[in-house]
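Derivation of every value follows stated rules applied to the coordinates shown; laboratory data play no part. Computed from a predicted structure; not experimentally measured. FYI the Cβ positions are ideal-geometry reconstructions off the backbone, even for glycines, and counts take in every protein chain you see.
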Amino acid sequence: MADYGEAFKLPFTNWHRSCILFLLVVVAGLPADLAQVFPKGVLSLAMASGLANFIALSIVFVIITVILYIVISGYTVRLTSYASHGKNIMPPFEKPFALLAAGLKYAIALLIYALPLIFLLILLILLLKGPGSLRIVGLVLLAFSVVFALVWSFFMFYSGPMLMAHFAYENRFAAFFELRKILKYSFSLAYFVPWIVAVGYSIGLAIPLLVLILPLVLIAQFYPPANLLASIISAVYAVILTPTVSSLYGQAYRDVISAKPLAASAETRPAKPKRSKK
């Protein structure tokens, strides 16, 4: 059974590692934040350095941002892996290339899962912009696309964490696509209850976040530096939420796979012989 108390306490058990995660989140979002806070400065930099140099510099910042977010995703996978193996601690940030590789695999897997939806969207746009006969086909496809998008969204929202947990435990890229196992593990009580707790905790934690951020967003319309404070508060939210929900998903996965051998042994255990009445 998942230890909810341990999961909720996890972000506060190692301040050093939580601070590193906080800095990663802040630095990853810093280029976008600075562009919002100092739009005139960005324009001046573009004019002073020349368009080609500014584009090259922007590409470098985008690449750094993407790499940092991939590392953060890799750390989320590592958190889940630790919990799925019974280690409910904040893992170290050692072997950064391993974090990058895990996060990259996770991002690629999500992209592969999204490809059918992207393909349907492109096809739908082409058909609806075509001649009259193709538009009719496009309208039929639109209804199918809506149903497919709803099913896909439900799968990613509900089974997506199990998909990531299965990969984190197995440490194989192919584990992302073992749909039979993932669906079987997802529709179990051992996963459903921690998933509900994780969703409820995320929503509950988001309420004070919105209370703090919404006034800052309004203030930022007149005083742009308020965006930086909003980003810092969002980073704190991410640092508290990410380890907790990752621990819950990892523990749920451990409980699911731990129940399999017990169930199998119960089915194969020979029945006890009945005592004969004297």
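Structure summary
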{"quantity": "Most to least packed among 230-238, 172-180 [average Cβ atoms within 10 Å]", "calculated": "230-238, 172-180"}
{"quantity": "Residue-wise HN-Hα coupling along region 184-189, computed from phi with Karplus coefficients 6.51, -1.76, 1.60 (Hz; x: Gly, Pro)", "calculated": "5, 5, 5, 8, 9, 5"}
{"quantity": "Per-residue ³J(HN,Hα) for region 144-159, Karplus 6.51 cos²θ - 1.76 cosθ + 1.60, θ = phi - 60°, Hz, x for Gly and Pro", "calculated": "5, 5, 5, 4, 5, 5, 5, 5, 4, 5, 5, 4, 5, 6, 8, 8"}
